[in-house]
Amino acid sequence: MTDHRSGFACFVGRPNAGKSTLTNALVGEKVAITSSKPQTTRHTVRGIVHRPDAQLVLVDTPGLHKPRTLLGERLNAVVRETWGEVDVIGFCLPADEPIGPGDRFIAAELASAKRTPKVAIVTKTDLVDHETVGRRLLEVMRLGEAVGIDWAEVVPVSAVSGEQVQLLEDLLVGLMPEGPQLYPDGELTDEPELVMCAELIREAALEGVRDELPHSIAVVVDEVIPREGRSADNPLLDVHASLYVERDSQKAIIIGHKGSRLRDVGIKSRAQIEALLGTRVHLDLRVKVAKDWQQDPRQLRKLGF
C-alpha cells in the first residue's frame, strides 16, 4: 500500500501578497475571493487539494498588518492562531515589490514558531523579469538569515500563469505528515454556502470603489428561501442580503447614481452565486449603515467577526 500524506498548510503575508489567488490556483476552483484591494480576506478560508497520494488542506488567512481598528486586531489574532495549528507555513512575498517593514515584521513573528516548517513563496512572478525574481529570492534568503528562519524551501510562483504552481504543491505535500484523508472526495472547501454567497457579493462590491471604502464594507446573507409555487424542474431561490457600511456617504457610493452601482453588484454576484448553488437565484440587496462597526465589539459580533 502506498503512503498517504495529509495535513494543513497556511498562507501568510502582508495584505495583497497574492495568498487568495494562489489558494484558488492550487485548488483549481475559486474558494477564496480576490481583489486588488488590500485586506480583502477577512477570515480563514480552507481550500482542499485532492491527490491519489495526499490531501492538502490550504488555509488562506487575512493579511497581517498594523491594525487601526478592532476588526484589524481580530484579523491579526486569527492569523497568529492559524499558524499555531498547521503543519507547514507558506510565507507569501510579492515579486513586484521590494521586501519592506511589513515583511520583516511578519518574518520576525514567524521565527517564534520554531517547530513548524516554513516555505518562502515569491508570488506574482509574471509581473516582473527573471532578474527581479532572482533579486527577490536573494532578499528572501537574507531575510530568513536575519531573523533566524531556515527556509524548508524557497519557491517563485505565478498563480496567474500557473508557473511552478505544481512544483509548490509537490513541495508542500512532501512536508506533510503521513495520514488518512481528512475530507470526502470532491469537497473543495469547508466554507458554508451562505458565507460564500456573502463573500461573492462583497467581492463584486469591492470592484471599482474608492480606497477608503473596502474596509468599511461587510455583507450578511439574511435568508435564502425557495420561491413558492415553482415546479421542481424550474426552481428559484430568493436570496436576501444586506451590505453594511459605516457612513451615509458610503451608502450613497455603494448604491451609485440611480442605483446603478448596486445593480452592477447584483448582476455580477448573482451569476457566481447561481454557479455556486446550481440553481437560478433572485438576489435582493439592501445597503444599511452600521456606524463605525469596525470599532464596535457588539456590531462586530453581529457581522460575524
The residue from 296, 284 that alone is at pLDDT 90 or above, farther than 15 Å from residue 217 by Cβ and among the charged types (D, E, K, R) is 284
Output for segment 124-160, where each listed residue is under 17 Å from residue 111 (Cβ atoms) and acidic (Asp, Glu): 139, 145, 150, 153
Could you tell me whether any residue of segment 32-50 is closer than 22 Å to residue 98 by Cα, assigned by TED's automatic domain parsing to the domain that holds residue 99 and at pLDDT 80 or above? no
Which condition does residue 154 not pass, out of (1) in contact (Cβ under 8 Å) with a residue 12 or more places away in the chain; (2) surrounded by fewer than 13 Cβ atoms within 10 Å (Cβ to Cβ), if it passes all the others? (2)
(1) out of contact with any Gly (no Cβ under 7 Å at 6 or more places or on another chain); (2) of a type in the set (Gly, Ala, Ser); (3) without any contact (Cβ under 8 Å) to a residue 60 or more places away in the chain all hold for residue 111 apart from (1)
For residue 215, all conditions in the list (1) out of contact with any helix residue (DSSP H, G or I) (no Cβ under 8 Å at 6 or more places or on another chain); (2) within 30 Å of residue 57 (Cα to Cα); (3) surrounded by 13 or more Cβ atoms within 10 Å (Cβ to Cβ) hold save one; what is the number of the exception? (1)
For a quick check of your reading of the model, give me the residue pairs whose first member lies in segment 241-269 and is farther than 17 Å from residue 289 by Cβ, whose second is part of a strand (DSSP E or B), with beta-carbon atoms closer than 6 Å and at least 6 apart or on different chains. 266/283; 266/285
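The values are calculated or read from the model by the stated rules, or taken from the named source; none is laboratory data. In this text the structure is predicted, and so the values were computed from the model without any measurement. Don't worry about glycine lacking a Cβ; one is built from the backbone with ideal geometry, like all the others, and counts go over all protein chains shown.
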